[in-house]
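A quick write-up on the structure given underneath.
Rule-based calculations on the coordinates, nothing more; no lab input. Note that this is a predicted model, so its numbers are computed, not measured. FYI the Cβ positions are ideal-geometry reconstructions off the backbone, even for glycines, and counts take in every protein chain you see.
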Amino acid sequence: MTTNKRIAVVPGDGIGKEVIPNAVEVLRASGADLEFAHFDWGADRYLLDGTTMPAGGFDMLARDFDAILVGALGDPRIPSNIHARDILLGMRFQMDLYANVRPVRLLDESLCPLKNARLDDINFTVIRENTEGLYAGMGGNFKFGTPDEIATQEDINTRKGVERVIRFAFDYARANGRREVLMSDKSNVMAYAGSLWQRVFKEVARDYDDITPQHMLVDALCLQMVREPQSLEVIVTNNMFGDIVTDLAAALQGGLGMAASGNIHPGRTSMFEPVHGSAPPIAGKNMANPMGSILSGAMMLAELGMTAQAAKIEAAVVDAVREKKTTIDVGGSMGTRECAAWIAERVAR
Ligand SMILES: NC(=O)c1ccc[n+]([C@@H]2O[C@H](COP(=O)([O-])OP(=O)(O)OC[C@H]3O[C@@H](n4cnc5c(N)ncnc54)[C@H](O)[C@@H]3O)[C@@H](O)[C@H]2O)c1
């Protein structure tokens with residue numbers, strides 16, 4: 001019986017094509033029993049033959065792979081961003097990867113823009129609803145392009161969608177030794193969706209008497225993330241608020257280059273990706289920070305049960321940051337390849 005895990009690798013566009021192959025080398029160095037298959041989905045392929053996601057692609061991923069590692073999608077030659085929508089949002093929505101998990105951990109005090117921040121001050125996780133909300137693409141334009149134009153964008157919140165992501169957050173807290181789950185919304189003005197989130201949160205919390213439920217309006221949460229980040233443990237919120245607060249969170253941990261994420265549906269093929277985009281201005285220059293991708297790879301291993309290898313990779317990234325073996329965005333002087341090679345060498349030791 002084979003124990004290896006099959007990983008679909010989609011580097012995508014821009015710096016995705018640099019950081020992902022380097023992250024794969026680090027994964028190989030970890031000794032994890034992985035088999036990689038590379039897919040060229042992205043801007044170049046779309047411009048070549050019009051393919052965004054091939055027919056049957058999502059079914060194939062779910063059937064033939066244990067996990068997916070994605071770089072970034074987005075290219076200035078495709079202003080509509082249609083390929084990114086089809087591929088990236090396609091994976092999240094079509095494969096029903098409903099929990100976007102964003103660990104926010106400071107690896108070195110020098111990386112934090114907050115005055116006097118200590119290492120332990122920034123160590124929380126955001127669980128963002130990933131399949132509904134304002135990102136469901138419901139709405140339209142009426143009298144388009146005229147002075148009377150009306151645009152609507154609907155915020156979709158289903159009972160099922162809200163409940164499962166809240167339950168995921170409580171399960172995550174329990175599995176990771178956390179004591180508190182904070183639900184964040186804007187229920188003072190978005191009353192209908194807010195009411196659903198509030199009611200479901202209270203109901204689900206009753207099943208977890210070892211975890212304290214908390215609530216904060218999302219504007220207050222932004223303030224808290226900067227003023228008192230050490231008070232935060234696990235945050236659960238909707239798609240739009242999660243998108244915004246996780247960028248603020250990335251700044252607390254040293255910038256977009258450091259941030260990792262998983263798009264998870266427990267028991268199914270899940271997808272892991274750095275938080276950053278394709279960064280066209282620095283693409284192809286060996287400048288991009290590979291750590292977000294490497295840490296996303298470590299998250300993937302942990303999710304696949306390869307926790308020892310995941311821990312080895314995380315420890316090597318921590319060493320790299322502390323020894324300034326990093327790219328320039330986080331204070332070092334290495335290139336993408338050199339930084340990743342240093343980490344791979346440390347992992348392989
Ligand atoms: N998940 C994704 O695939 C994703 C996410 C965000 C943006 N995008 C797409 O990426 C393109 C560029 O978007 P953007 O500029 O708003 O966001 P971006 O994340 O690409 O870049 C924002 C800033 O962060 C810097 N940066 C990002 N990643 C870095 C890294 N690894 N190392 C060093 N610096 C890094 C960039 O140079 C830039 O200054 C757009 O087409 C956008 O749609 C894709």
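A Cβ-based charge dipole, computed about the Cα centre of the stretch 1-56 with Lys and Arg at +1 and Asp and Glu at -1, lands at about 180 debye. Across the stretch 190-349, the relative contact order, built from alpha-carbon pairs under 8 Å that are at least six residues apart, equals 15 percent. Each residue in Thr131, Thr212 was given a count of other beta-carbon atoms within 10 angstrom of its own, and listing them fewest first yields Thr212, Thr131. Along the axis of the charge dipole computed for the chain (Cβ charges of +1 for Lys and Arg, -1 for Asp and Glu, origin at the Cα centre), the listed residues Ser293, Phe144, Gln94 are led at the positive end by Ser293.
If you put +1 on each Lys and Arg Cβ and -1 on each Asp and Glu Cβ, how big is the dipole of the chain around its Cα centre, in Debye rounded to 20? Magnitude of the dipole: close to 400 debye. Going by neighbour counts of Cβ atoms within 10 Å, the residues Val165, Val204 line up, fewest first, as Val204, Val165.
Derived scalar couplings between HN and Hα for the stretch 115-131 equal 5, 6, 5, 9, 3, 6, 5, 10, 7, 9, 10, 9, 10, 9, 4, 10, 10 Hz in order, rounded to whole Hz, by the Karplus curve 6.51 cos²θ - 1.76 cosθ + 1.60 (θ = phi - 60°), x for Gly and Pro. Over the chain, the pair-distance histogram of Cα-Cα distances with 20 Å bins from zero comes to 30, 59, 11, 0 percent, rounded to whole numbers. How big is the gap, in Å, between the Cα center of the stretch 276-324 and the Cα center of the stretch 111-148? A separation of 22 Å, based on Cα centres.
Among 188-197, 166-175, sorting by the average number of other beta carbon atoms lying within 10 angstrom of each residue, highest first, gives 166-175, 188-197. Each residue of the stretch 267-274 was assigned a 3J(HN,Hα) from its phi angle through the Karplus expression (A = 6.51, B = -1.76, C = 1.60, θ = phi - 60°), giving x, 10, 5, 9, 10, 10, 7, x Hz with x at Gly and Pro.
To the nearest 20 debye, what is the magnitude of the charge dipole of the stretch 1-99 about its Cα centre, counting +1 on the Cβ of each Lys and Arg and -1 on the Cβ of each Asp and Glu? Dipole of the stretch 1-99, to the nearest 20 debye: 120 debye. Around the amide H of Leu69, modelled in the peptide plane, lie the amide H atoms of Ala8, Val9, Val10, Phe272, all under 5 Å away and 5 or more residues distant in sequence or on another chain.
Listing Leu114, Leu256, Leu232 from fewest to most neighbouring C-beta atoms within 10 Å gives Leu114, Leu256, Leu232.
Each residue of the stretch 82-96 was assigned a 3J(HN,Hα) from its phi angle through the Karplus curve 6.51 cos²θ - 1.76 cosθ + 1.60 (θ = phi - 60°); the sequence is 4, 5, 5, 4, 5, 7, 7, 5, x, 4, 4, 7, 5, 8, 6 Hz, with glycine and proline shown as x. With contacts taken as Cα pairs under 8 Å at a separation of at least 6 residues, the stretch 1-84 carries a relative contact order of 45 percent. From its DSSP helices (H runs of at least four residues, each -39,500 (n - 2.57)), the chain gives a residue-normalised ellipticity at 222 nm of -11500 deg cm²/dmol.
Dipole orientation for the chain: of the candidates Pro11, Ala23, Tyr192, Ala23 has the Cα lying most toward the positive pole (charges on Cβ; Lys, Arg +1; Asp, Glu -1). For the pair the stretch 28-94 / the stretch 195-254, the C-alpha centres are spaced 30 Å from each other.
One quarter of the convex hull surface built on the alpha carbon atoms of the stretch 254-349 amounts to 6.3 nm², the projected area averaged over directions. The stretch between Ala151 and Asn81, if pulled fully straight at 0.36 nm per residue, gains 23.2 nm over its current Cα-Cα span.
Of the trypsin sites (Lys or Arg not before Pro) found in the stretch 76-144, those in coil by DSSP whose Cβ has at most 14 other Cβ atoms within 10 Å are Arg77, Lys115, Arg118, Lys143. Lys-Lys pairs in the chain that are eight or more residues apart or on separate chains and whose Cα atoms lie under 26 Å of each other come to 15.
Look at the dipole of the chain built from charges on Cβ: of Thr237, Ala260, Gly332, the Cα furthest out on the positive end belongs to Gly332. Under the criterion of Cα pairs below 8 Å and six or more residues apart, the relative contact order for the stretch 152-274 equals 25 percent.
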